[in-house]
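See below for the structure under consideration.
The values are calculated or read from the model by the stated rules, or taken from the named source; none is laboratory data. Because the structure is predicted, anything quoted here is derived from the model rather than measured. All Cβ positions, glycine included, derive from the backbone under ideal geometry; neighbour counts span all protein chains shown.
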């Protein structure tokens, strides 16, 4: 199975969608930062691409996009949404607690921890991997 990898333009469209959902304007600060994030997550000869699997790749994508700060606003939302879409397009989804008593879902909480450097890229990748389920359309 060929892995379908997001493009810079698809990440920009994702930020536009996330921004519109929050009545904000999408402002791209640096296209090169998105290119760098995608290259870091999907470089063919390096981990996690070589052996990681789709969920590990999604975790790496989320990590690198949040750290890139390519947009004025919505970097975490864009990274999270793009990572989940990447998984779904490639046959996987995430199952996690909605945390009805909390302000944020378990997914949002783990992304916030990664963004604040409270967990490592590998820990985020492992979280994605341990919460993957087959995608049912």
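Within 15 Å of the chain's Cα centre (by Cα), more than 19 Å from residue 111 (Cα to Cα) and at pLDDT 95 or above, is that true of residue 20? I'd like the intermediate steps shown before the answer.
Values: within 15 Å of the chain's Cα centre (by Cα): no; more than 19 Å from residue 111 (Cα to Cα): yes; at pLDDT 95 or above: yes.
Spelling it out, it is not the case that residue 20 is within 15 Å of the chain's Cα centre (by Cα), more than 19 Å from residue 111 (Cα to Cα) and at pLDDT 95 or above.
Hey, residue 130 hits all of (1) exposed (fewer than 15 other Cβ atoms within 10 Å of the Cβ); (2) modelled with pLDDT of 95 or more; (3) in contact with a helix residue (DSSP H, G or I) (Cβ under 6 Å, 6 or more places away or on another chain) but one; which does it fall short on?
Of everything listed in (1) exposed (fewer than 15 other Cβ atoms within 10 Å of the Cβ); (2) modelled with pLDDT of 95 or more; (3) in contact with a helix residue (DSSP H, G or I) (Cβ under 6 Å, 6 or more places away or on another chain), residue 130 misses just condition (3).
Quickly run through the range 68-95 and pick out the residues that are surrounded by fewer than 19 Cβ atoms within 10 Å (Cβ to Cβ) and over 23 Å from residue 53 (Cα atoms).
69, 72, 73 - these are the residues of the range 68-95 that are surrounded by fewer than 19 Cβ atoms within 10 Å (Cβ to Cβ) and over 23 Å from residue 53 (Cα atoms).
Output the residues belonging to the range 17-33 that are over 18 Å from residue 67 (Cα atoms) and in a loop (DSSP other than H, G, I, E, B).
The answer is 22, 23, 24, 25.
Give all pairs with beta carbons closer than 7 Å in which a residue from the range 44-59 that is at positive phi and part of a helix (DSSP H, G or I) meets a residue that is modelled with pLDDT of 65 or more and crowded, with 18+ Cβ neighbours inside 10 Å; count only pairs at least 6 apart in sequence or on separate chains.
53/129
Evaluate the following for residue 93: is it within 14 Å of the chain's Cα centre (by Cα) and outside any helix (DSSP H, G or I)? Give the steps one after another, and end with the answer.
Details: within 14 Å of the chain's Cα centre (by Cα): yes; outside any helix (DSSP H, G or I): yes.
Yes.
Can you name the condition, by its number, that residue 75 falls short on among (1) touching a strand residue (DSSP E or B) at 6+ places or on another chain (Cβ under 8 Å); (2) closer than 18 Å to residue 15 by Cβ?
Result: residue 75 passes all but (1).
Please go through the range 5-26 and pick out each residue that is surrounded by 12 or more Cβ atoms within 10 Å (Cβ to Cβ), touching a residue at least 24 places away in the same chain (Cβ under 8 Å) and over 14 Å from residue 39 (Cα atoms).
Those that are surrounded by 12 or more Cβ atoms within 10 Å (Cβ to Cβ), touching a residue at least 24 places away in the same chain (Cβ under 8 Å) and over 14 Å from residue 39 (Cα atoms): 10, 14, 15, 17, 18, 19, 24, 26.
List pairs: first residue in the range 75-95 and at positive phi, second residue outside any strand (DSSP E or B) and crowded, with 18+ Cβ neighbours inside 10 Å anywhere in the structure, Cβ distance under 9 angstrom, at least six positions apart or on different chains.
Taking only residues 6 or more apart or on different chains, the pairs are 91/54.
Any idea how many residues of the range 96-126 are modelled with pLDDT of 95 or more, surrounded by fewer than 16 Cβ atoms within 10 Å (Cβ to Cβ) and in a loop (DSSP other than H, G, I, E, B)?
Selection size over the range 96-126: 4.
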